[in-house]
Amino acid sequence: MPRDGEPAEELTDPSRQRPGDVAERIGLVFQDPELGFVARTARDEVTATERATRARRHEIDAGPPDADGTLARFGLGQLADQDPFRLSQGEQRRLSLAALALRPRPCSCLDEPTFGLDRRGTEAVMSLLDELKAVGQTQILATHDPRLLPRCDRVVALDGGRVVFDGSPDEFLADPPYSPPEPWRDGAVVAEAAR
């Protein structure tokens, strides 16, 4: 989404943008969430991008974002003061998703967003993705989780680095290019949830 006076072609090559501009436009959830952690408490981790964005723009703090409410939404309210690196794998994944929910960007890239989550955590992920898609966010998911496919507009399946399928979720589910067809552990599915 170009800003006023910004040429659209500037958006096609991220190497031509400042890292802060990329961070304002694209949210990222790593497959290994701890690779993206920058803060010493879960509360500070959730607000890190928002605080950095405000500081970069020299904006006056309009009050703290609702970190505690966002943490509670992901079942992490009681862990607000904990070190993110001391959380369980599922808690770390939910923390990275909470940070994404606190300040949604126009585009989110999520690598295995439901991996290691229980039913409640998976439902929270799906609810968040549905909520953000409804307001026009583009989402790019790398997943082996077939439950996410019906929420997507397009599926691109990869096997050994080559595209073996590119089409709708219904077409993919009707005739998966992998054998066995589920859960597609030998390949990876990149699903585009909104365009």
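Within segment 134-178, how many residues turn out to be more than 21 Å from residue 25 (Cβ to Cβ) and of a type in the set (Val, Ile, Thr)?
5
Could you list, in sequence order, the residues of segment 123-152 that are of a type in the set (Val, Ile, Thr) and either part of a strand (DSSP E or B) or under 13 Å from the mean Cα position of the chain (by Cα) (or both)? Break it down into steps so the answer makes sense when it comes.
Start the filter on segment 123-152 by keeping residues that are of a type in the set (Val, Ile, Thr), which leaves 125, 135, 138, 140, 143.
Within segment 123-152, 125, 138, 140, 143 meet the criteria.
Could you identify the single residue in 78, 82, 92 that is of a type in the set (S, T, N, Q) and under 28 Å from residue 151 (Cα atoms)?
None of the others qualify; the one that does is 92.
Suppose we filter 163, 155 for residues that are open to solvent by 70 Å² or more (accessible area, probe 1.4 Å), part of a strand (DSSP E or B), closer than 27 Å to residue 106 by Cβ and of a type in the set (A, V, I, L, M, F, W, C); which single one remains? Explain how you work it out, then say what you get.
Numbers: 155 fails: open to solvent by 70 Å² or more (accessible area, probe 1.4 Å).
Just one listed residue meets the conditions, 163.
Quick check on this structure: which one of 94, 120, 105 is basic (Lys, Arg) and not in a helix (DSSP H, G or I)? Give the steps one after another, and end with the answer.
Numbers: 94 fails: not in a helix (DSSP H, G or I); 120 fails: not in a helix (DSSP H, G or I).
Of 94, 120, 105, the one residue that is basic (Lys, Arg) and not in a helix (DSSP H, G or I) is 105.
Can you tell me which residue among 129, 141 is touching a Leu at 6+ places or on another chain (Cβ under 6 Å) and crowded, with 16+ Cβ neighbours inside 10 Å?
On the way: 129 fails: touching a Leu at 6+ places or on another chain (Cβ under 6 Å).
After applying the criteria, what remains is 141.
Quick one: in segment 103-122, of everything that is among the hydrophobic types (A, V, I, L, M, F, W, C) and more than 12 Å from the chain's Cα centre (by Cα), which residue is least open to solvent (accessible area, probe 1.4 Å)? Write out each step before concluding.
As a first pass, look at segment 103-122 and keep what is among the hydrophobic types (A, V, I, L, M, F, W, C): 107, 109-110, 115, 117.
With the extra rule that they be more than 12 Å from the chain's Cα centre (by Cα), the set shrinks to 115, 117.
On the way: 115: 94, 117: 27 Å².
Here the answer is 117.
Would a scan of segment 182-193 turn up a residue that is acidic (Asp, Glu), at pLDDT 85 or above, over 25 Å from residue 75 (Cα atoms) and open to solvent by 20 Å² or more (accessible area, probe 1.4 Å)? Steps first, please.
Pass one, segment 182-193, residues acidic (Asp, Glu): 182, 186, 192.
Imposing the further condition that a residue be at pLDDT 85 or above reduces the set to none.
The answer is no, given that none of the residues of segment 182-193 is acidic (Asp, Glu), at pLDDT 85 or above, over 25 Å from residue 75 (Cα atoms) and open to solvent by 20 Å² or more (accessible area, probe 1.4 Å).
The values are calculated or read from the model by the stated rules, or taken from the named source; none is laboratory data. Given the structure is predicted, the values throughout are model-derived calculations rather than measurements. With ideal geometry, Cβ positions are generated from the backbone for all residues, glycine too; neighbour counts draw on all protein chains shown. With ligands, DNA and RNA removed, areas are computed over all heavy atoms of the protein, side chains included. Shrake-Rupley method; radii C 1.70, N 1.55, O 1.52, S 1.80 Å.
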